[in-house]
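Asks: One structure follows; several queries about it will come next.
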Amino acid sequence: MTWCRWVALAAGLLLSSVRAGEPAVTLESLLHEMTDREAVARWPQLAYTCRQASSSDRRSKSPDDANGWFANTDNMDGSGASLRWEETAGRRECVLADVEGPGAIVRFWSGGQQPKGKLRFYLDGAATPAIEAPMQELMSGKLFVPPPLAILNAGNSLNLYLPIPYAKRCKITYDEARPGNPNAPPPGRWYNIEYRTYPAGTGAASFTMDDYKRCQATIERVCKALSEPPRPLVGGWPFALDAALEPGREASTDLPLKGGAVLVLEARLDGVPADQVEQALRSTVLRATFDDEETIWCPLGDFFGSGVGLNTLSNWHRTIAKDGTMSCRWVMPYQKSGRLSLLNLGKQKVGVKLKGVVGSWKWLDNSMHFHATWRQQFSIKTRPFQDWNYVEIAGQGVYLGDTLSVMNPVRDWWGEGDEKIWVDGESFPSHFGTGTEDYYGYAWGAPALFQGPFCNQVRCDGPGNQGHTVVTRTRALDAIPFTKSLKVDMEVWHWKDCQVAYAVASYWYARPGAKHNRGPLPDEAARAIPQPPQPVKIKDALEGETLKIIEKTGGTTEVQHIIQHNWSNDRQLWWRDGKPGDKLAFALPVPKAGKYAVVANLTKAVDYAIVQFHLDGEKLGEAMDLYNNGVVTTGPKVVGTAKLDAGEHKLTVEITGANPAAVKRHMFGLDYVKLDPVE
């Protein structure tokens, strides 16, 4: 049985059970909907709103008050969260969410210190929780909810996608006793909970563990579908476009049916040199026109979730294989006609192979067109803090997610900002989060890459968070319907006063005639991708990180890469945790015989040592105290002078002690050595 026929059968069984008087919303029905690719392309048959409960800073009340609007104390134990507490059975529980039904919890994210307490889900006013379990184990896939319905992402980020329906009410609590102070709030935890609310009178069967056990076959099928690469579709009408695009040229293909839906779309660059791939993916634009309405204008890399460069991605909606094939499985219906185009806005010739499959589609009044819009801005000043708009839409539709690419010139964390999503003109956003990385399913700004069915970090250059980062989030049960309008903002909240670049692709469905504020940006797609500033190198310097170490009697050495200290090449050779008497020796190449001043740029800090230099076994200059209350450099400093023959010499650093005020870790940092001829 093909995938499409299976979905149709499952949908038919679901509708027949509803007609027979069964609840419309059940654990089983939500699990089926989670993996029904066609359902989201129609306005929800069973209407719902999607909202968020979070530990956001409650001082954020109005954009007119910038201090409050960008307040950042958004964890459970911070004064900004102002969460409710209850005494239950002799324990103190923090109420994370308390919402009226009928409804369903559809996404639960939490990050911070590893939790040691328990979560409890109280449904319909019951005194006994329907679910009671340790938070860490439940939300990381170690208990009864298997991965990827419960998944651990970078930064010990916990993600629970198991839908939890309720008929009347859902209250979620967490308790974690703190030694010595049982009345104190749990330490260092953040959370976001997306939930659906259905119209009053909608039949919903509240979650029970008995229902969960009865759904085991469905849960296994859903987990397998979300975890495994998709199989090729059987049947349908294939189409292809093989284009060799000169700069400024465009190629198009009309879709094979007068009315249908794109089920799978694949693209792959062809014959593009490796050093041009990154720019080609940004400057080659995918355009789509359905029923005479252009709904997609997006660079190829951003559309498929790769962002800047070609990055491996494994996601329920998209895949980027190691061979460079990019594919998506969003269903894109059209009533009468469809056309796909590729436009080369770059300066180089680009070869692209585009192919896909169209399936039959019965266009009804609830059918929607698929949209992908794109925005890029460089530079964005990080002070003052600001809300950066992804997209603003007027019309009726469903928001599906986005891919964000950030160019960060420094190591400092760029993504402290919260998402703010306004639905249907509400006076306060119904989605107000706790951090950009939280929105994208990870925590602590962790640079580690991760894959999952709905959230992925596919690029983070480093060191730290410097360079290009690409994160993407797509929505299934947590897709956001809007009947009149939608506005999606993300705070630009950076720990450093600097200038960054943002580019975002937003994905959504809408009924015909929807309007938005993200028209084509050919100049932005054509421009060279913004790059972090290149490190400054001192001319003729022998970089500490490249000098050959020929002797080390103690301690540990490594290369440190930090921009803020203005080291040549942004790096130093770092020697730490030695002890007085330990020596570190380098091979010092001398290209030409002569008399030289040995110049060095060294680092000074609170835990750095007093050191003595030696050259070929002879004392060179006087001992140098590298203590300073704060990290600075000495600047170019003459260590001593010597007559040197051409060839390799031995430059030795000896730890002789430490300043009385210093932390006694006896560190030493060598930025560079330079040999200046002396007349």
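For (1) in contact (Cβ under 8 Å) with a residue 12 or more places away in the chain; (2) over 24 Å from Thr289 (Cβ atoms); (3) within 13 Å of the chain's Cα centre (by Cα), each residue gets a yes or a no:
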residue: Ala446; (1), (2), (3): yes, yes, yes
residue: Gly464; (1), (2), (3): yes, yes, no
residue: Thr469; (1), (2), (3): yes, yes, yes
residue: Ala476; (1), (2), (3): yes, yes, no
residue: Ile480; (1), (2), (3): yes, yes, no
residue: Met490; (1), (2), (3): yes, yes, yes
residue: Ala501; (1), (2), (3): yes, yes, no
residue: Tyr507; (1), (2), (3): yes, no, no
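Asks: With the structure loaded, tell me whether Leu573 is modelled with pLDDT of 95 or more, aliphatic (A, V, I, L, M) and over 20 Å from Lys537 (Cβ atoms) or whether it fails that test. Let's see the steps before the verdict.
Replies: Working: modelled with pLDDT of 95 or more: yes; aliphatic (A, V, I, L, M): yes; over 20 Å from Lys537 (Cβ atoms): no.
Judged against the criteria, Leu573 is not a match.
Asks: Applying the selection to region 124-144, what residues are on the phi < 0 side of the Ramachandran plot and part of a loop (DSSP other than H, G, I, E, B)?
Replies: To start, the set of residues in region 124-144 that are on the phi < 0 side of the Ramachandran plot comprises 126-140, 142-144.
Answer for region 124-144, where residues must be on the phi < 0 side of the Ramachandran plot and part of a loop (DSSP other than H, G, I, E, B): Ala126, Ala127, Thr128, Pro129, Ala130, Ser140, Lys142, Leu143, Phe144.
Asks: Another question, then. Here are some residues: Leu584, Leu602, Leu588. Which one is in contact with a His (Cβ under 6 Å, 6 or more places away or on another chain), in the same structural domain as Thr656 (by TED's automatic domain parsing) and not in a loop (DSSP other than H, G, I, E, B)? Full working, then the answer.
Replies: Details: Leu584 fails: in contact with a His (Cβ under 6 Å, 6 or more places away or on another chain); Leu602 fails: in contact with a His (Cβ under 6 Å, 6 or more places away or on another chain).
Going through Leu584, Leu602, Leu588 in turn, just one is in contact with a His (Cβ under 6 Å, 6 or more places away or on another chain), in the same structural domain as Thr656 (by TED's automatic domain parsing) and not in a loop (DSSP other than H, G, I, E, B): Leu588.
Asks: In the list Asp98, Asp74, which residue meets the criterion of being under 18 Å from Ser56 (Cβ atoms), surrounded by fewer than 17 Cβ atoms within 10 Å (Cβ to Cβ) and not aliphatic (A, V, I, L, M)?
Replies: Unique residue meeting the criteria: Asp98.
Asks: Are any of the residues in region 259-282 among the polar types (S, T, N, Q), surrounded by 20 or more Cβ atoms within 10 Å (Cβ to Cβ) and closer than 25 Å to Gly324 by Cα? Break it down into steps so the answer makes sense when it comes.
Replies: Residues of region 259-282 among the polar types (S, T, N, Q): 276, 279.
Right, trim to surrounded by 20 or more Cβ atoms within 10 Å (Cβ to Cβ) and you get 279.
Those still in the list that are closer than 25 Å to Gly324 by Cα too: 279.
Scanning region 259-282 turns up at least one residue that is among the polar types (S, T, N, Q), surrounded by 20 or more Cβ atoms within 10 Å (Cβ to Cβ) and closer than 25 Å to Gly324 by Cα.
Asks: Oh, and also: Quick one: which strands (runs of 3 or more DSSP E) lie wholly within region 627-679 and hold at least 1 residues that are free of Cβ contacts under 8 Å to residues at least 60 places away in the same chain and not small (Gly, Ala, Ser)?
Replies: Values: elements: 637-644, 647-657, 668-677.
Counting at least 1 such residues, we get 637-644.
Asks: For region 91-141, give me the residue count where each residue is modelled with pLDDT under 95 and of a type in the set (S, T, N, Q).
Replies: The number of residues fulfilling the criteria is 2.
Asks: Of the conditions (1) among the charged types (D, E, K, R); (2) over 27 Å from the mean Cα position of the chain (by Cα); (3) modelled with pLDDT under 90, Asp64 satisfies every one except a single condition; which number is it?
Replies: (3)
Asks: Of the residues Ser327, Ser306, only one is surrounded by fewer than 23 Cβ atoms within 10 Å (Cβ to Cβ), in the same structural domain as Asp402 (by TED's automatic domain parsing) and closer than 17 Å to Gly452 by Cα; which?
Replies: Numbers: Ser306 fails: surrounded by fewer than 23 Cβ atoms within 10 Å (Cβ to Cβ).
Unique residue meeting the criteria: Ser327.
Asks: Restricting to region 140-180, give me the number of residues that are over 21 Å from Pro129 (Cβ atoms) and without any contact (Cβ under 8 Å) to a residue 12 or more places away in the chain.
Replies: Of the residues in region 140-180, 3 are over 21 Å from Pro129 (Cβ atoms) and without any contact (Cβ under 8 Å) to a residue 12 or more places away in the chain.
Asks: Just checking: which of the helices (runs of 4 or more DSSP H) contained wholly in region 184-294 hold 2 or more residues that are assigned by TED's automatic domain parsing to the domain that holds Ala47, more than 32 Å from the chain's Cα centre (by Cα) and not β-branched (Val, Ile, Thr)? Write out each step before concluding.
Replies: On the way: elements: 209-214, 216-227, 277-283.
Fully inside region 184-294 and qualifying: 209-214.
Asks: Also, I was wondering about something else. Being buried (at least 22 other Cβ atoms within 10 Å of the Cβ), touching a Gly at 6+ places or on another chain (Cβ under 7 Å) and not hydroxyl-bearing (Ser, Thr, Tyr) is true for just one of Val492, Val504, Val471, Val488. Which residue is that? Before you say what the answer is, go through the steps one by one.
Replies: Working: Val504 fails: touching a Gly at 6+ places or on another chain (Cβ under 7 Å); Val471 fails: touching a Gly at 6+ places or on another chain (Cβ under 7 Å); Val488 fails: touching a Gly at 6+ places or on another chain (Cβ under 7 Å).
Exactly one residue qualifies, and that residue is Val492.
Asks: Hey, Trp316 hits all of (1) surrounded by fewer than 23 Cβ atoms within 10 Å (Cβ to Cβ); (2) in a strand (DSSP E or B) but one; which does it fall short on?
Replies: For Trp316, the exception is condition (2).
Asks: Considering only region 149-166, state which residues are assigned to a loop (DSSP other than H, G, I, E, B) and either crowded, with 24+ Cβ neighbours inside 10 Å or touching a Phe, Trp or Tyr at 6+ places or on another chain (Cβ under 6 Å) (or both). Explain how you work it out, then say what you get.
Replies: Here is the first cut: in region 149-166, the ones assigned to a loop (DSSP other than H, G, I, E, B) are 149, 154-156, 161-163.
The answer is Leu149, Ala154, Gly155, Tyr161, Leu162, Pro163.
Asks: Counting only residues that are under 18 Å from Leu138 (Cβ atoms), give me the strands (runs of 3 or more DSSP E) lying completely in region 57-123 with at least 2 of them. Walk me through how you get there before you give the answer.
Replies: Working: elements: 84-88, 91-100, 103-112, 118-123.
Fully inside region 57-123 and qualifying: 91-100, 103-112, 118-123.
The values are calculated or read from the model by the stated rules, or taken from the named source; none is laboratory data. Owing to the predicted nature of the structure, the values given are computational and were not obtained by experimental measurement. Virtual Cβ from ideal backbone geometry, glycine too; neighbours counted across all protein chains shown.
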